[in-house]
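To keep things clear, I will list the structure first and then write my remarks on it.
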Amino acid sequence: MNRGMHWLLAAQFFSGLADNALLVIAIAQLMAMGAPVWMAPMLKFCFTLAYVLLAPWVGALADRWPKALVMLAANLLKAGAACGMVLGLHPLLAFALAGLGAAVYSPAKYGLITEQVPPAMLVRANGWIEVSTVCAIVLGTGFGGLLVSARMPGVDTALAVVLATYALAGLLNLLIPRGVSHGSGVGWAPAALVGRFANANATLWRDPQGGLSLAITTLFWGAGATLQLVVLAWAQDALDLGLDQAAYLQAVVALGIVAGAALAGRLVRLHQAIRVLPLGVLMGAGVPLMVGVDTLPVAVVLLTLIGALAGLLVVPMNALLQHRGHVLLRPGESIAVQNFNENLGVLLMLGVYAALLGLDQSIALLTSALGACVALGTLLAAGLYARRSAARPHCASAPHAPSLSVTSSTRDLP
């Protein structure tokens with residue numbers, strides 16, 4: 001990877017580290033306020049909502065100005081959320097502002113990857129981005145726990161440390177090559193932007209490889225967000241662990257994803273991305289096995305394997321989706337479409353999970369339903385892709401190694 005990618009990875013890590021530490025601090029503030037327990041999940045809901053509601057605007061923003069500068073501005077929005085909490089802003093409102101910053105940051109970050117890295121290196125670059133992201137989640141959660149512990153002077157000090165972390169991420173943004181400004185042909189009128197976004201969304205879904213990869217990543221992120229909550233409930237119910245110990249098992253899944261992402265970056269080439277689809281079926285089949293586990297060592301092994309399968313699946317699919325988006329759409333626009341669908345999947349699957357909990361369904365049923373959703377969803381997406389490819393033979397030059405080079409301006413793939 002080039003030096004620009006190194007700075008991008010570092011900036012991404014520290015920005016994500018601050019995001020996850022801020023989440024823990026916000027939860028601690030809610031507890032200190034005596035807020036009802038349902039408000040803690042609402043932090044994640046408020047954070048995610050901006051990805052869905054503002055997708056047409058943030059994609060255009062990432063394409064109109066150099067992406068490294070857009071990332072810097074997004075970090076300032078996140079820092080503003082931390083400042084707001086210092087000044088007494090309600091944690092839900094502060095986290096909605098942080099979510100706005102994150103929604104702006106993401107299209108610029110992933111769009112910059114497609115500008116910095118040739119198609120042959122996209123899987124490896126995405127592998128490192130996923131490793132950086134998951135490490136930021138794991139370490140950021142622990143970092144936040146340390147900041148709200150009795151060893152720290154107070155919440156203002158914790159927020160000051162988070163602000164310093166955002167500042168470091170901002171300085172690293174300045175070292176990244178700025179990227180390309182693509183301009184805009186539709187202006188900022190809401191109707192024009194929403195119409196363009198709807199067309200971009202339809203374009204990516206209609207493309208056989210774009211639609212397949214978008215379906216798989218949407219399914220993965222929705223299932224992943226739900227799996228976090230399922231693991232917490234299952235660990236307390238089946239393994240008799242406390243909430244703090246159950247949270248460590250989430251880290252086990254995350255470390256498995258890191259391992260799988262790293263392996264994908266080394267072993268899978270972009271033109272081989274579709275070959276990883278059977279791993280989605282295996283991952284789905286592995287989730288219901290949690291029900292029969294009643295010892296911690298076996299649980300650690302199983303969750304690590306599930307995480308590794310997830311990493312091996314999502315990194316090539318994400319790289320394929322970015323490549324198709326880069327070919328068919330503007331970079332920021334394609335990532336905004338991806339974020340819209342993936343985060344809509346998160347909101348829908350969390351809603352279904354909450355409804356099942358409200359109906360007092362068992363953990364066994366919840367894990368089985370989640371596993372079936374992943375396995376059957378992967379099979380359905382693969383079957384639809386096979387039918388569309390058969391109807392459009394030019395989309396794949398060979399049944400096991402589809403060519404992604406579809407325009408003369410696209411660099412040759414290995």
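The values are calculated or read from the model by the stated rules, or taken from the named source; none is laboratory data. Keep in mind the model is a prediction, meaning the values are calculated, not measured. For neighbour counting, all protein chains shown are included, and Cβ atoms are generated from backbone atoms with ideal geometry for every residue, glycine included. We work out accessible area using only protein heavy atoms, side chains counted, and drop any ligands, DNA or RNA first. Shrake-Rupley method; radii C 1.70, N 1.55, O 1.52, S 1.80 Å.
Among the residues of segment 136-154, what is the count of those that are open to solvent by 60 Å² or more (accessible area, probe 1.4 Å) and either closer than 21 Å to Tyr110 by Cα or not hydroxyl-bearing (Ser, Thr, Tyr) (or both)?
7
Taking into account only those residues within segment 315-331 that are among the hydrophobic types (A, V, I, L, M, F, W, C) and closer than 20 Å to Ala198 by Cβ, which is nearest to the chain's Cα centre (by Cα)?
Taking the candidates together, the pick is Leu321.
Here's a check for you: in segment 220-231, which residue that is open to solvent by 30 Å² or more (accessible area, probe 1.4 Å) and farther than 15 Å from Leu365 by Cα is farthest from the chain's Cα centre (by Cα)?
If we take residues in segment 220-231 being open to solvent by 30 Å² or more (accessible area, probe 1.4 Å) and farther than 15 Å from Leu365 by Cα, then Gln228 is farthest from the chain's Cα centre (by Cα).
Kindly check whether there is at least one residue in segment 17-24 that is among the β-branched types (Val, Ile, Thr), without any contact (Cβ under 8 Å) to a residue 24 or more places away in the chain, open to solvent by 20 Å² or more (accessible area, probe 1.4 Å) and out of contact with any Pro (no Cβ under 6 Å at 6 or more places or on another chain).
No, that holds for no residue.
From the set of residues in segment 350-389 that are more than 24 Å from the chain's Cα centre (by Cα) and within 15 Å of Gln228 (Cα to Cα), which is surrounded by the most Cβ atoms within 10 Å (Cβ to Cβ)?
Per the stated criteria, the residue is Ile363.
Checking the structure you have, find out if any residue of segment 103-115 is under 25 Å from Gly345 (Cα atoms), more than 21 Å from the chain's Cα centre (by Cα) and at pLDDT 85 or above.
no
Can you name every residue in segment 194-235 that is touching a Ser or Thr at 6+ places or on another chain (Cβ under 8 Å) and of a type in the set (Val, Ile, Thr)?
Of everything in segment 194-235, those that are touching a Ser or Thr at 6+ places or on another chain (Cβ under 8 Å) and of a type in the set (Val, Ile, Thr) turn out to be Ile216, Val230.
Which one of Leu277, Leu321 is over 16 Å from Gly127 (Cα atoms), in contact with a helix residue (DSSP H, G or I) (Cβ under 8 Å, 6 or more places away or on another chain) and either of a type outside the set (Ser, Thr, Tyr) or in a helix (DSSP H, G or I) (or both)?
Just a single option satisfies the conditions, and that option is Leu277.
Just to be sure before I move on: is Leu61 under 15 Å from Lys109 (Cα atoms), open to solvent by 20 Å² or more (accessible area, probe 1.4 Å) and at pLDDT below 80 in the structure I sent?
yes
When you scan segment 235-248, how many residues do you find that are surrounded by fewer than 23 Cβ atoms within 10 Å (Cβ to Cβ) and part of a helix (DSSP H, G or I)?
9
Please verify whether Val291 is closer than 30 Å to Gly242 by Cα, at pLDDT below 90 and in a helix (DSSP H, G or I), treating the condition exactly as stated.
Yes: the conditions hold for Val291.
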